[in-house]
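Take a look at the structure set out below.
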């Protein structure tokens, strides 16, 4: 279908013609039936008129008559009293009361035979059937002709009306064509028709999501550039200091064991840089708008056990105890994304829980949802800060936490992205220890619908 306008014109005209044809056919049949009855009544009236006429007593009288009508008047069945010039001398039809169709004189005729009891004679009146149909067709054609002539007029009106109805669609197309590549503002179409309203709403929603995605990318690039500048500068400073100290060692013929802690600081800066880059990549990969999730059946309890085992060295280094509670927690989820979520929650708990502290992990099924909860015994987060801790690069207390623990402020943003990807709900609170942080995430057991959420890092 190349043109909606042409399609509607053809469809509507075809419908009109079909309906008119069916109506005309029905009308033709009904009109023909009524016309036949009218003509038959005229034959009967003519027969009555001939019956009332005085009849000759001598030889049969021949009356000149038009070619469309023929008649005979009989005395009994043997003697012909009167006939039209186009009627034969023998009887036109059998002497039986009523109507019938007979062939004579090269035509087919409609014959009415009438018996006159007062004269004990018969009257037969015939009318040519072809002339009947010609007259009926002329009458019907005169009534159908205006309908046929009205079809082009109807086509023109339909063309204009459909064009008027599609004007909103042309306005929408024009508004889209005029938009520049960087213009993602809503379409300016005012009061669109009801049928076009879903298209306008969907298009504006798509533009809004694209605008939010581009804004997110711009903020991400700006934040990443800002956050990477600090560790890169620190690495440069530590590398320069290490170079100076190595030169001093060479001049003073001292051993390398006497080098101050510049090498350790350089290694620490490199590790922080590596962690920041990994977190930035994880944040970008787990954005719901970009991440190609592959949901599969898995056990969140078993996945938590595996991640605790993988991170156990970090817990052992701080002499921390980790306890996994709950039971089987089956759900449909993305294994890679959920592993990153657990790694970030466990990493935050490890960093902010003091030496010999306690960390508790729960994974279990509660009703139709699967619950994951991670609690630590660290300093916790003030409740007033809960709305902000999911912002990228945001850290309570500034760049360095009150506990002097270094971080980049991306861990909980990544957790939120993955939770949104699974249509899960995050709830923050205090841990059972009374001061640590408790992070609870409720997952639906069924596979979530495709995520079309806007920004995921508020």
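Pairing residues of segment 141-162 that are within 12 Å of residue 24 (Cα to Cα) with residues that are exposed (fewer than 12 other Cβ atoms within 10 Å of the Cβ), at Cβ distances under 7 Å and at least 6 apart in sequence or on separate chains, gives no pairs at all. Among the residues in segment 378-397, are any modelled with pLDDT of 90 or more and outside any loop (DSSP other than H, G, I, E, B)? Looking through segment 378-397, none of the residues is modelled with pLDDT of 90 or more and outside any loop (DSSP other than H, G, I, E, B).
Filtering segment 334-377 to residues that are out of contact with any strand residue (DSSP E or B) (no Cβ under 8 Å at 6 or more places or on another chain), closer than 20 Å to residue 297 by Cα and not in a helix (DSSP H, G or I) leaves only 367.
Hey, residue 185 hits all of (1) at pLDDT 75 or above; (2) not in a loop (DSSP other than H, G, I, E, B) but one; which does it fall short on? Just one mismatch for residue 185, condition (2).
Of the residues contained in segment 124-131, one or more are found to be out of contact with any strand residue (DSSP E or B) (no Cβ under 8 Å at 6 or more places or on another chain), closer than 30 Å to residue 149 by Cα and in contact (Cβ under 8 Å) with a residue 24 or more places away in the chain. Selection of segment 77-88 for residues being in contact (Cβ under 8 Å) with a residue 12 or more places away in the chain and assigned to a loop (DSSP other than H, G, I, E, B) yields 77, 85, 86, 87, 88. Only one of the listed residues (47, 70) is under 17 Å from residue 91 (Cβ atoms), out of contact with any helix residue (DSSP H, G or I) (no Cβ under 7 Å at 6 or more places or on another chain), modelled with pLDDT of 75 or more and not in a helix (DSSP H, G or I). That residue is 70.
Here residue 78 clears all of (1) surrounded by fewer than 17 Cβ atoms within 10 Å (Cβ to Cβ); (2) over 30 Å from residue 25 (Cβ atoms); (3) in contact with a strand residue (DSSP E or B) (Cβ under 6 Å, 6 or more places away or on another chain) except the condition numbered (3). Could you tell me whether residue 92 is part of a strand (DSSP E or B) and in the same structural domain as residue 141 (by TED's automatic domain parsing)? So residue 92 does not fit the description; no.
Can you find, within segment 166-182, the residue that is surrounded by the fewest Cβ atoms within 10 Å (Cβ to Cβ) among those that are assigned to a helix (DSSP H, G or I) and free of Cβ contacts under 8 Å to residues at least 12 places away in the same chain? Top of the filtered list is 177.
Here's the yes/no breakdown for (1) modelled with pLDDT under 75; (2) surrounded by 12 or more Cβ atoms within 10 Å (Cβ to Cβ):
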{"residue": "123", "(1), (2)": "no, yes"}
{"residue": "126", "(1), (2)": "no, yes"}
{"residue": "129", "(1), (2)": "no, yes"}
{"residue": "143", "(1), (2)": "yes, yes"}
{"residue": "148", "(1), (2)": "no, yes"}
{"residue": "153", "(1), (2)": "no, no"}
{"residue": "161", "(1), (2)": "no, yes"}
{"residue": "164", "(1), (2)": "no, no"}
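The values are calculated or read from the model by the stated rules, or taken from the named source; none is laboratory data. Quantities reported herein were computed from a predicted structural model and do not represent experimental measurements. Don't worry about glycine lacking a Cβ; one is built from the backbone with ideal geometry, like all the others, and counts go over all protein chains shown.
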